[in-house]
Amino acid sequence: MTFSGRVLPKLWLRLATAAALLALASTTAGAQEDAATRANRALGRGINLGNALDAPLDASWALRLRGDDFDAIKQAGFNSVRLPVAFYLHTAAAAPYAIDPGFLARVDWAIDQALSRGLVVVLDNHHDVGMEKRPDENMARLVAVWTQLAQRYRSYPERLYFELLNEPSGALTDDEWANDAPALLSAVRMVDPQRTVVIGPAYWNSLDHLGALALPDSDRNIIVTFHYYVPLRFTHQGAGWMPGADKWKGTLWTGGAAEQATLDNDFNKAAQWALANRRPLYLGEFGAFQAADMESRARWTRAVAEAARRRGMSFAYWEFGSSFGAYDPAKLKWREPLLEALTGKGGGDAKP
Ligand code: BGC
């Protein structure tokens, strides 16, 4: 075929039309990607700064965070930190439920340390014992807490996200949480309509309860979270706070076909919910206690991290420098097998 004077313009027209259609398709896809999906991608690989600001200040097991910890986390290749904070320990018992300013200064410090290193921060309201026992008596306090936090951090970068309540449990059944979560979200939205908010289901953020979450469909800046410690007799073997956990000591995780199938089924279930409900997922906690053997811990940690990443979920390992620690704060060194499992180095998932 020769390019006659008539064919050439037609060909250019077709090419230009195709290019325009392509551009339109990608803009539409971009527009369809909501704020939460973008925010979740920024979370990427993360780690929990657990047992620090969620511990009573005088607890012997409390981890004291240092500026260098944030350097170590950033340099290791993590994108984000989850900062569990037990606000209930530092809030006045009566209205207007003021949060202790001295304690808030410590929270500011930790957030600033993370943000100044380019990390994304999930400020997580951890262990609210009152809510777990008597939500009716404690909702006013928690609404006031979130109003204060939303006001305090309103001018902070969008890389700071809020997680309304860690692992709702006890009296916070599916039905109760379906009332309380939207009310807490509204308290934040009244002050800060733009902030990314993280919300997980009842029953300790179990993926089996995702279906009972009640979220306003019009709010597209919500990341949904769940926690994964399966099988519990492996991840919590020897954990002092878990009845009967001493008998589980010696349980291995070999990554055999049945173990891998359980993991895949669970994560497929979560991913299907996410797709059907158009909500991005954040695996906000997973980890194995120090009493488990290191090879099994590393294998399980890698398998879970990969199961999440393959399905487009972000994650945060539980936790940095305490009894599940990927980092040894006494030696100021990472536990390499766990770090490699989390960052995808040393084999397996090598993508950044
Ligand atoms: C709790 C920790 C516990 C971890 C694993 C967290 O949500 O706050 O105390 O070690 O889950 O069970």
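Points to keep in mind about this one:
- Annotation note: GluC sites (Glu not before Pro) in the range 282-352 located in DSSP loop regions with a Cβ neighbour count of at most 14 within 10 Å are absent.
- Using only side-chain charges placed at the Cβ, +1 for Lys and Arg and -1 for Asp and Glu, the dipole size of the range 186-332 relative to its Cα centre rounds to 220 debye.
- Those chymotrypsin sites (Phe, Trp or Tyr not before Pro) in the range 88-174 that DSSP places in a loop and that have at most 11 other beta carbons within 10 Å: none
- Legend: residues L89, L142, sorted from most to least accessible area (1.4 Å probe; ligands, DNA and RNA excluded), read L89, L142.
- From its DSSP helices (H runs of at least four residues, each -39,500 (n - 2.57)), the chain gives a residue-normalised ellipticity at 222 nm of -14000 deg cm²/dmol.
- Kirkwood hydrodynamic radius (C-alpha pairs) into Stokes-Einstein, the range 288-349, 10 °C and 1.306 mPa s, D in µm²/s: 135 µm²/s
- Peptides 229-235, 41-47 ranked from most to least packed by the mean count of surrounding Cβ atoms within 10 Å: 41-47, 229-235.
- 10 Å-binned pair-distance histogram of the range 223-267 (Cα, whole percent): 26, 43, 28, 3
- Positive end of the dipole of the chain (Cβ unit charges, origin at the Cα centre): among A105, L49, T343, the Cα lying farthest that way belongs to T343.
- Interchain or long-range residues, amide H under 5 Å from V122's placed H: V81, R82, L83, Y161
- Peptide packing for 67-73, 298-304 was compared via the average number of neighbouring C-beta atoms within 10 Å per residue; ordered from the highest value, the list is 298-304, 67-73.
- Expressed as a fraction of 2.2 N^0.38 Å, the C-alpha radius of gyration for the chain is 1.10.
- Short to long, the 5 Å bins of the Cα pair-distance histogram for the range 121-249 hold 2, 10, 19, 21, 19, 13, 8, 5, 3, 1 percent of all pairs.
- Net dipole in debye of the chain [+1 Lys, Arg Cβ; -1 Asp, Glu Cβ; about Cα centre; nearest 20]: 1540 debye
- Ellipsoid semi-axes for the range 47-117, based on the Cα gyration tensor and the rule √(5λ), read 25, 13, 10 Å when sorted largest first.
The values are calculated or read from the model by the stated rules, or taken from the named source; none is laboratory data. All values derive from a computational prediction rather than experimental measurement. Cβ: placed from backbone, ideal geometry, glycine included. Neighbour counts: every protein chain shown. For accessibility, only protein heavy atoms count, side chains too; no ligands or nucleic acids. Shrake-Rupley method; radii C 1.70, N 1.55, O 1.52, S 1.80 Å.
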